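Contents: one structure, followed by commentary.
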Amino acid sequence: MTLHDDSPSTSAGPFAPDHDFALALDAHDELAPFRHHFVFAEPDLIYLDGNSLGRLPKAAIQRARHAIEEEWGRDLIRSWNRGWWDAPLRVGDAIGELIGAAPGQVIVSDTTSINLYKLALAALSLRPERKHILTDTLNFPSDAYILQGIANLLSPSPLHGQSLGSDPGYTVQYLGSDDGITPNLDQLTTAITDQTALVTLSHVVFKSGYLYDMRAITELAHRKGALVLWDLSHSVGVIPMALDDWQVDFAIGCTYKYLNGGPGSPAFLYVNRRLQDWVTSPIWGWWGQRAPFDFELDYLPAPGIRRFLVGTQPILSLLTLEAALEPIRQAGIERIRRKAICLTEYAAYLTEHLLTPFGFSLASPRDPARRGAHISLRHPEAYRITRALIEEMRLIPDFRAPDNIRLGFAPLYVSFSDVWQAFDRIRTVMLKKRYQAYPHARLTVT
Ligand SMILES: *Cc1c(COP(=O)(O)O)cnc(C)c1O
């Protein structure tokens, strides 16, 4: 490999297809000890879905026990003054360190979808004369739904007797993709016009793993007078970034993926300090009020980022998330990124060597510089293959319609041996046609 020659974990040279080679890569992996920070309840289970629900960090168990037994059980409401009330900002600052945001610009609250709603509306309020929101067809559908809902909310409705003729209202526009893997970047320059209020994209695309050049696109949008809002759900914790330096306006992201916050752990949002006094949340709640315990009837927004809070936060989840961030901070994002590149390069190599004869193709960018920490494999039988892998082969990837098997390589706890064994198990399913035993009808969650 020529990439990142400075990295001990990527200095293994060209790959080889045997298991011993994977074991040798593990022997040189400086992040290998971090695996012991996580719970492995079933040692033979290979888990490649940490980009959807991260594994349980051992530190989170201790933290949850303390929070429940001591802080809730014994201290009761006194705990609000002993670290609960400030948790959304404190944990926000810790996440800020991972994304290049100085303190006071990130809070942890609500869900990613709700935070997109709050920040997209805040952004549009800064560009009232512009009516276009630009995203792409590769974005996570919930993000597209939220944007469509906003356009619907802000547009004059025929149901309310207003004429559509003179005012076309807000529209969501989509940058396309020819292959479902990479966006049509050549169209981006013309897609952002003097009518574009907001450009909002997922930094790493949820299906193909395509990684946008956040800095270049932010610059491009700004040159055209538009604001940017990045969704970091699939990049936070695995991709180094510098939101402050790159002058990003807004960002949101999820904490139960690579941040290992646990199911339903609250999301985060970032508002660049230079914009904070000029925007408010569209949802005015008491946690965002200047002096919530004065119980004044009129809303006055809190100074700074706190105005984007709404109401009481899920404190237990917030505290376990805080504990979960510790191993990531210790490992360091740069080292995590180097291992992620090596893992996905290795997976791309094994796809080519072991799986192309069975009709698989890589549905992710071939260039690791344009890829996050997961890859997708395309196969017409992707759904039934995924079922066989989960139910018989002790391998958990996930399925993304219509034909993608998605493999996530959370660098803190996925080993190269895991990757090799995963591909070996996929090959076994194909050799023995074990997927044929499963129905085409889909389960609710895959
Ligand atoms: C995971 C993910 C979400 C999740 O949204 P929730 O509101 O937390 O359920 C949103 N957007 C993207 C891009 C994601 O990857």
- Note on the structure: Flagged pairs (Cβ under 8 angstrom, 6 or more apart or on separate chains; first in region 233-249, at positive phi; second within 15 Å of the ligand (Cβ to nearest atom) and hydrophobic (A, V, I, L, M, F, W, C)) are GLY237/LEU259
- Kindly indicate whether PRO156 is modelled with pLDDT under 95, surrounded by 16 or more Cβ atoms within 10 Å (Cβ to Cβ) and more than 16 Å from the ligand (Cβ to nearest atom). yes
- Query: Would you pick out the residues in region 93-120 that are away from the ligand (no atom under 13 Å from the Cβ) and assigned to a loop (DSSP other than H, G, I, E, B)?
  - Reply: GLY100, ALA101, ALA102, PRO103, GLY104, GLN105
- Any idea how many residues of region 329-379 are farther than 18 Å from ASN51 by Cβ, in a helix (DSSP H, G or I) and free of Cβ contacts under 8 Å to residues at least 60 places away in the same chain? 3
- Looking at PRO357, PRO327, which one is touching a strand residue (DSSP E or B) at 6+ places or on another chain (Cβ under 7 Å) and of a type outside the set (Lys, Arg)? PRO327
- Message: Among the residues that make up region 201-211, is at least one of them at pLDDT 95 or above, buried (at least 16 other Cβ atoms within 10 Å of the Cβ), more than 14 Å from the ligand (Cβ to nearest atom) and part of a loop (DSSP other than H, G, I, E, B)?
- Response: no
- Message: For region 210-229, which positions are under 26 Å from GLN330 (Cα atoms) and in contact with a helix residue (DSSP H, G or I) (Cβ under 6 Å, 6 or more places away or on another chain)?
- Response: LEU211
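This table checks each residue for (1) touching a residue at least 60 places away in the same chain (Cβ under 8 Å); (2) more than 16 Å from GLU322 (Cβ to Cβ); (3) not aliphatic (A, V, I, L, M).
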{"residue": "TRP85", "(1), (2), (3)": "no, no, yes"}
{"residue": "VAL91", "(1), (2), (3)": "yes, no, no"}
{"residue": "GLU129", "(1), (2), (3)": "no, yes, yes"}
{"residue": "ILE133", "(1), (2), (3)": "yes, yes, no"}
{"residue": "LEU138", "(1), (2), (3)": "yes, yes, no"}
{"residue": "LEU147", "(1), (2), (3)": "no, yes, no"}
- State all residues of region 124-147 that are within 15 Å of the ligand (Cβ to nearest atom) and either among the acidic types (Asp, Glu) or over 22 Å from SER208 (Cβ atoms) (or both); if no residue qualifies, say none. ASP136, ASP143
- Of these, PRO103, PRO128, PRO88, PRO183, which one is assigned by TED's automatic domain parsing to the domain that holds LEU227, farther than 30 Å from PRO365 by Cβ and buried (at least 16 other Cβ atoms within 10 Å of the Cβ)? PRO88
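The values are calculated or read from the model by the stated rules, or taken from the named source; none is laboratory data. Nothing here was measured: the structure is a model prediction, and the numbers come from that model. All Cβ positions, even for glycine, are placed from backbone atoms using ideal geometry, and neighbour counts span all protein chains on display.
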